Amino acid sequence: MVWPRLLMTAAGLALLVGCSSMPAAPAGPSADVVRTDIARRIPARVEDRAGWAADIQTALAAQQLPANAENICAVLAVIEQESGYRANPEVPGLPRIARAEIDRRAAALHVPSLLVEAGLKVKASDGRSYAQQLAQVRSERDLSELYEEIIGRVPMGQRLFAGKNPVQTGGAMQVSIAFAQANAQGYPYPVTGSIRDEVFTRRGGVYFGTAHLLGYQTPYTQKVHRFADYNAGRYASRNAAFQSALSRLTGQPLALDGDLLLPDAPMEKPGQTERALRSLAPQLGMDERQIRRALAQADRLEFSDSALHSQVFALADARTGTTLPRAVIPGIHLDSPKITRELTTEWFANRVDTRYRQCLQR
């Protein structure tokens, strides 16, 4: 019959009309509104606040991250802590640090100092020797570009650096260059050189630093633990809390560093945390391979929902008679030639958190 088919068609048209008349989902604030909000939260002393605001807004929009006060202030707090709003910050004593690194690598590889001196006397592309250029580097970008040229033009450079640039972080947010290279898909700007080069620009440093800071889900209820992760590695705060609970449960002292699985460890030589877990295997109802498979998720959100995570906390909570924290700032001492005093991940996270709270009040 024709009528039922016509009725269905009419119903379909009515449905389409109804859908077309439904109100559209509310749009978020415009780019200009977001940039204005970001600019007013940047300290007045900072030059080109509008430029910083534009780069931050673009980074949030390109990564589909909400441009709310919490995310904006988290990014601003890390920028202020890591570089003081300088896209290519100078590093005090960098020539000395760089030369010491060259000498250290030469000694480790048994490269004679005379060969090192000869290599540094080679003329660079601008006519100066590499030793002269090295004495005048002021920023990590300067040093990175110099290392790239030494590696490419001097045999000694290939031998000392194994073809790998020693400068591994950079930019306004001191983001890992390896992280940037691994997460370059979706980068919203044209790349005329390399991703390494982009990290040392304001726009690139902000984009990849924002991705490292906000581009993953966490189980945290406090921003300070995300800041700790920025310094110590993703999920380090959750994993340090897991180590703390495990230590209380077993009575074994464990380093609360967030590293649950020793990289490339054979089954017969587990790391400290894994050994402690194996001692609980009967209580956990898991064998060594099941424990190893669970720990392989330690760098992902899924570990929070794993049976291993749940059972360790259930046992530890029952043993202590309290609900233990599910996030703890890792106890890591920061080690870098650029650091001239004893600093920790806790110091870093709390400093950034203070800046974050001040930004929220602005």
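The values are calculated or read from the model by the stated rules, or taken from the named source; none is laboratory data. Note that the structure is a prediction, hence the values are computed from the model and not measured. Glycine gets a Cβ as well: all are built from the backbone with ideal geometry, and neighbour counts include every protein chain shown.
Entry remark, segment 155-181: residues being more than 23 Å from F348 (Cβ to Cβ) and at pLDDT 95 or above number 1 in total. Residues that are part of a helix (DSSP H, G or I) and in contact with a helix residue (DSSP H, G or I) (Cβ under 8 Å, 6 or more places away or on another chain) within segment 84-110 comprise L94, P95, A98, R99, I102, D103, R105, A106, listed in sequence order.
Within segment 167-177, if we keep just the residues that are out of contact with any Pro (no Cβ under 8 Å at 6 or more places or on another chain) and in a loop (DSSP other than H, G, I, E, B), the residue that is surrounded by the most Cβ atoms within 10 Å (Cβ to Cβ) turns out to be G171.
Of the set (1) crowded, with 18+ Cβ neighbours inside 10 Å; (2) touching a residue at least 24 places away in the same chain (Cβ under 8 Å), all apply to G285 but (1). When A265, A245 are screened for being of a type outside the set (V, I, T) and touching a residue at least 12 places away in the same chain (Cβ under 8 Å), only A245 passes.
Note on segment 288-304: among residues that are of a type in the set (A, V, I, L, M, F, W, C) and under 20 Å from the mean Cα position of the chain (by Cα), the one that is farthest from R326 (Cα to Cα) is A296. Scanning segment 321-337 for residues that are at pLDDT 95 or above, surrounded by 12 or more Cβ atoms within 10 Å (Cβ to Cβ) and over 18 Å from the mean Cα position of the chain (by Cα) yields a count of 3. Taking the criterion of being among the polar types (S, T, N, Q) and under 21 Å from A327 (Cα atoms), the residues of segment 244-287 that qualify are S244, S247, T250, Q252, Q272, T273.
Screening the candidates Y216, Y220 for the property of being over 14 Å from the mean Cα position of the chain (by Cα), in a loop (DSSP other than H, G, I, E, B), under 23 Å from L360 (Cα atoms) and touching a residue at least 24 places away in the same chain (Cβ under 8 Å) yields one hit, Y220.
So that you can scan it fast, the table gives a plain yes or no per residue for (1) over 30 Å from R138 (Cα atoms); (2) part of a loop (DSSP other than H, G, I, E, B):
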| site | (1), (2) |
| --- | --- |
| F179 | no, no |
| Y187 | no, yes |
| T210 | no, no |
| L260 | yes, yes |
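Restricting attention to segment 131-152, the residues that are assigned to a helix (DSSP H, G or I), under 32 Å from the mean Cα position of the chain (by Cα) and either surrounded by 20 or more Cβ atoms within 10 Å (Cβ to Cβ) or not small (G, A, S) (or both) add up to 14. Once segment 244-276 is narrowed to residues that are under 21 Å from the mean Cα position of the chain (by Cα) and either not small (G, A, S) or not assigned by TED's automatic domain parsing to the domain that holds T320 (or both), the residue that is surrounded by the fewest Cβ atoms within 10 Å (Cβ to Cβ) is P263.
Within the option set R238, R203, R196, R234, being among the basic types (K, R) and assigned to a loop (DSSP other than H, G, I, E, B) holds for one residue only, R234.
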